[in-house]
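Working notes, beginning with the structure itself.
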Amino acid sequence: MDILNNLFPNIYNALNDFFHGLLRGANLRPDAESFIVSLIMGLIVVVFLVAISPFLMLSLTWVERKVVARIQNRLGPNRVGPWGIFQIFADMIKMLTKEDIVPANADRWVHFLAPVVTMIPITLILAVIPWGRGMAPADLNIGVLYVIALSSLGTVGIFMAGWGSNNKFALIGGMRAVAQIISYEVPQVLAIVAIVLLAGSLSLVDIVKLQGGWAGFRWFLFAIPVGPIAFVVYMISAIAEVNRTPFDLPEGESEIVAGHHTEYSGMKWGLFYMAEYLNLFVVCAIAATLFLGGWQGPLLPPWIWFFVKTLLLILIAMWVRGTFPRIRMDQLMKFAWQVLVPVALVNIVLTGLALPIFKAIGLI
Amino acid sequence: MLDRYGLIGLFAIVAIIFPLIPLLLARFLRPRKPNRSKMETYECGLEFEDFPVEAQQVWVQFRIQYYIFALMFVVFDIEVVFLYPWAVAYNSLGLYALVEMIIFLVILVMALAYAWRKGQLEWV
Amino acid sequence: MSIDLVLTYVAFFVLAAITIIGGLLVAFVRNIMHAALALMMAFMGVAGIYLLLEAEFIAAVQVLIYVGAIAVLILFAIMLTRGLMTRTLPPENNQWLAAGGLALLLFVALVYIAVTTHWPVGTQALAGTDLIPKIGTELVTTYVLPFEVASILLLTALIGAIVIARE
């Protein structure tokens, strides 16, 4: 058990020592040696995290298809491999071998850059997530703000896709998506303010640490009443921010074909798809970190706890998708500005008032 | 400082290269047989070139509504920038900090209320 | 020279190049939407330079406000302007001489100030001190008046925009 608990930090330390030993023979200056080692170790961490993201995304698509199929009383993918598990590789091959069609009227450069620009900020957020005890690749003082700032860049790629395609459906879908994302970003960040108030820190590592002990009852989710309110507001806005049903108007196929990726095919479309699922993973991982105590938990190794909590939230998002119909554009905007924003603002004031009480009972 | 943001910098470089790899890989695997109707802008039911010229114009003028929402977003985003450092420091400050923040919030809620009252929060 | 310092220099020149190229593209590109996208690139470069100056909070704010919000506002403003999208306008008009002269004057003034100001250079790095609680404390104590006035400014801006939009 202990081996599993510290599996990744131990591997990291072992590799670190290995490279130090390897370079000692070369008789470099001490600062040069430690620089080269930290560069190699940094590259290993970064490439590992970036390389698992396609697999995360592909397995999430499979889980989603299975879960939604069960909710809708279907079987879902079941032909390729046991329970259709190899469907994910079939999908990958398909995306790689499809022809890449760029409309003659499109703005070639913007059209090409849009999927790339969409992927970059989401990938960068992976750098600050505390994946387990001592497993945050970078523990920043401004962790929460870093996440918010980067996720606000999601609009840029979507707008570029909508505009660069030179297609009515794409442009309308892109504009709608941007309007929706910026509207739901406001309640989302306001909900997080309540957590920052409770934690008194912007570092994600500190926020997780503060939620330890009391068999899970120190999770900020249980800081009644402000924690649950913030959590619900956050989850609703997060689902809206990743454009999922019931907030998937930007790609509502019954009116605007596929929204901003109408004119995309092959791997470029695959990148949008990947960004969407990676984004879902990231918002749920941040929710698990902020509200559900991150990697804190008994018995199981911390990093497994982190994935269990994240997967649970993802399953809730899929359940929502399988259950609710798509809402209308006016309902969407009204809900963000007239319900979620006022609730989140009141919640901030409530948290400010409740903080001395939480302190008195030792919750914080 | 440098070690943490050095890692972020490394991450940024890898994050830029990473989406290009599958695109490059696909370049060698995919077929490439362009023809005229394939390269056309997608339309429902009709050929795009059959449209009258003015209807082929895609980059149309959008409504002011979008701009109002973007402006509301900017206002609340700036508010959030003030809220975060306040929230971090609040633990060590007294109740006066809460009162000052409530004044700040009330002024901004007036903006929200004004937009609400004037019907600008409705999507028509 | 230590490796850290070399790396900082390299990072600075890369970021400065991103900022300057972005700025030049904004000024000289013919398509206004490309100019807006290049502006975002310049903003990102500036955010990186803030990070090099160890002003991480300002860097995050730069990304959040300028790239995430102001740039979207600019894009929407372009989209609601009639006919702006269809033409590729020449980036200069008959006022280019006056504008260029003013820009040059501003540049000279900035360089003059930067060179002649005595910059207080600390001998120790600020590393380790978390400045965000300090910003928060200053905001509600020393700078409470500007802080509240800022919200009135935001209120005025929004009301003004709504009034203009309704006409």
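The values are calculated or read from the model by the stated rules, or taken from the named source; none is laboratory data. As the structure is a prediction and not an experimental result, all values here were calculated from the model. Cβ coordinates were reconstructed from backbone atoms using ideal geometry, including for glycine residues, and neighbour counts include every protein chain displayed.
Return only the number of the condition from (1) farther than 30 Å from B:W123 by Cβ; (2) hydrophobic (A, V, I, L, M, F, W, C); (3) in contact with a Ser or Thr (Cβ under 7 Å, 6 or more places away or on another chain) that A:V116 does not satisfy.
The one condition A:V116 does not meet is (3).
If A:M119 meets every condition in (1) more than 7 Å from every other protein chain (Cβ to nearest Cβ); (2) modelled with pLDDT of 85 or more; (3) buried (at least 22 other Cβ atoms within 10 Å of the Cβ); (4) in contact with a Leu (Cβ under 9 Å, 6 or more places away or on another chain) apart from one, which number is that one?
Against the list (1) more than 7 Å from every other protein chain (Cβ to nearest Cβ); (2) modelled with pLDDT of 85 or more; (3) buried (at least 22 other Cβ atoms within 10 Å of the Cβ); (4) in contact with a Leu (Cβ under 9 Å, 6 or more places away or on another chain), A:M119 comes up short only on (1).
Filtering region A:86-105 down to residues that are touching a Ser or Thr at 6+ places or on another chain (Cβ under 8 Å) and more than 8 Å from chain B (Cβ to nearest Cβ), which residue is surrounded by the fewest Cβ atoms within 10 Å (Cβ to Cβ)?
Only one residue fits best here, namely A:D91.
Matching residues to (1) within 26 Å of B:R27 (Cβ to Cβ); (2) facing chain B (nearest Cβ under 10 Å):
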site: A:I236; (1), (2): no, no
site: A:H260; (1), (2): yes, no
site: A:S265; (1), (2): yes, yes
site: A:W269; (1), (2): yes, no
site: A:L278; (1), (2): yes, no
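How many of the residues making up region A:183-225 are basic (K, R) and within 18 Å of the chain's Cα centre (by Cα)?
0
Restricting to region A:296-328, name every residue that is within 16 Å of A:W219 (Cα to Cα) and under 16 Å from the mean Cα position of the chain (by Cα).
Hits for region A:296-328 are A:F306, A:V308, A:K309, A:T310, A:L312, A:L313.
State all residues of region A:123-135 that are out of contact with any Phe, Trp or Tyr (no Cβ under 7 Å at 6 or more places or on another chain), at the interface with chain B (Cβ under 10 Å from one of its Cβ atoms) and at pLDDT below 90; if no residue qualifies, say none.
Once the filter is applied, which keeps residues that are out of contact with any Phe, Trp or Tyr (no Cβ under 7 Å at 6 or more places or on another chain), at the interface with chain B (Cβ under 10 Å from one of its Cβ atoms) and at pLDDT below 90, region A:123-135 yields only A:L126.
Could you tell me which numbered condition A:G293 fails, if it satisfies all but one of (1) in a helix (DSSP H, G or I); (2) of a type in the set (G, A, S); (3) away from every other protein chain (no Cβ under 14 Å)?
Just one mismatch for A:G293, condition (1).
Take the residues of region A:85-98 that are assigned to a loop (DSSP other than H, G, I, E, B) and out of contact with any helix residue (DSSP H, G or I) (no Cβ under 6 Å at 6 or more places or on another chain): which is farthest from A:K66 (Cα to Cα)?
Checking each candidate, the answer is A:F86.
Go through (1) under 25 Å from the mean Cα position of the chain (by Cα); (2) without any contact (Cβ under 8 Å) to a residue 60 or more places away in the chain; (3) within 10 Å of chain B (Cβ to nearest Cβ); (4) over 30 Å from C:V6 (Cα atoms) and name the single condition A:W62 misses.
The single condition A:W62 does not satisfy is (3).
Which residues, counting only those in region B:80-111, are more than 7 Å from chain C (Cβ to nearest Cβ) and within 23 Å of C:I74 (Cβ to Cβ)?
B:V80
Could you tell me whether C:V26 is modelled with pLDDT under 90 and over 16 Å from the mean Cα position of the chain (by Cα)?
For C:V26, the condition - modelled with pLDDT under 90 and over 16 Å from the mean Cα position of the chain (by Cα) - is not met.
Would you pick out the residues in region A:7-37 that are of a type in the set (K, R) and either exposed (fewer than 10 other Cβ atoms within 10 Å of the Cβ) or in a loop (DSSP other than H, G, I, E, B) (or both)?
A:R29
Name the single residue that is surrounded by the most Cβ atoms within 10 Å (Cβ to Cβ) among those in region A:136-149 being part of a helix (DSSP H, G or I) and of a type outside the set (V, I, T). I'd like the intermediate steps shown before the answer.
First, the residues of region A:136-149 that are part of a helix (DSSP H, G or I): A:143-149.
Keeping just the survivors that are of a type outside the set (V, I, T) gives A:143, A:145-146, A:149.
Values: A:G143: 25, A:L145: 27, A:Y146: 25, A:A149: 24.
Among residues in region A:136-149 that are part of a helix (DSSP H, G or I) and of a type outside the set (V, I, T), the one surrounded by the most Cβ atoms within 10 Å (Cβ to Cβ) is A:L145.
Would you pick out the residues in region A:49-71 that are over 30 Å from A:A136 (Cβ atoms) and at pLDDT below 85?
none
Identify all residues within region A:49-58 that are surrounded by 14 or more Cβ atoms within 10 Å (Cβ to Cβ) and out of contact with any Ser or Thr (no Cβ under 7 Å at 6 or more places or on another chain); write none if there are none.
So the first thing to find is which residues in region A:49-58 are surrounded by 14 or more Cβ atoms within 10 Å (Cβ to Cβ), and the list is A:49-50, A:53-54, A:56-58.
Answer for region A:49-58, where residues must be surrounded by 14 or more Cβ atoms within 10 Å (Cβ to Cβ) and out of contact with any Ser or Thr (no Cβ under 7 Å at 6 or more places or on another chain): A:L49, A:P54, A:L56, A:M57, A:L58.
Return yes or no: is C:A114 at pLDDT below 85 and within 27 Å of C:A60 (Cα to Cα)?
no
Can you go through C:F13, C:F57 and tell me which one is farther than 25 Å from B:V81 by Cα and not assigned by TED's automatic domain parsing to the domain that holds C:I132?
Every option except C:F13 fails the conditions.
Could you list, ordered by first residue, the pairs with Cβ atoms under 8 Å in which the first is in region A:325-350 and under 26 Å from B:Y90 (Cα atoms) and the second is of a type outside the set (S, T, N, Q) and outside any helix (DSSP H, G or I), at least 6 apart or interchain?
Taking only residues 6 or more apart or on different chains, the pairs are A:L350/A:P225.
Please tell me if A:S201 is in a loop (DSSP other than H, G, I, E, B) and of a type in the set (S, T, Y).
Numbers: in a loop (DSSP other than H, G, I, E, B): yes; of a type in the set (S, T, Y): yes.
Answer is yes for this residue.
Residue by residue through region B:19-39, note down the ones that are in a helix (DSSP H, G or I) and either at the interface with chain A (Cβ under 7 Å from one of its Cβ atoms) or β-branched (V, I, T) (or both).
Across region B:19-39, the qualifying residues are B:L20, B:I21, B:P22, B:L23, B:L25, B:A26, B:L29.
Within the group C:G23, C:G68, which residue is more than 14 Å from chain A (Cβ to nearest Cβ), out of contact with any Gly (no Cβ under 8 Å at 6 or more places or on another chain) and either crowded, with 18+ Cβ neighbours inside 10 Å or not aliphatic (A, V, I, L, M) (or both)?
C:G23
Conditions (1) surrounded by fewer than 24 Cβ atoms within 10 Å (Cβ to Cβ); (2) out of contact with any Gly (no Cβ under 7 Å at 6 or more places or on another chain); (3) over 26 Å from C:D130 (Cα atoms); (4) not assigned by TED's automatic domain parsing to the domain that holds A:G352, marked per residue:
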position: A:S151; (1), (2), (3), (4): no, yes, no, no
position: A:A161; (1), (2), (3), (4): no, no, yes, no
position: A:N167; (1), (2), (3), (4): no, yes, yes, no
position: A:Q188; (1), (2), (3), (4): no, yes, no, no
position: A:I192; (1), (2), (3), (4): no, yes, no, no
position: A:L198; (1), (2), (3), (4): no, yes, no, no
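Give me the residue from region B:1-18 that is more than 7 Å from chain A (Cβ to nearest Cβ) and modelled with pLDDT of 85 or more and, out of that set, surrounded by the most Cβ atoms within 10 Å (Cβ to Cβ).
The selected residue is B:G9.
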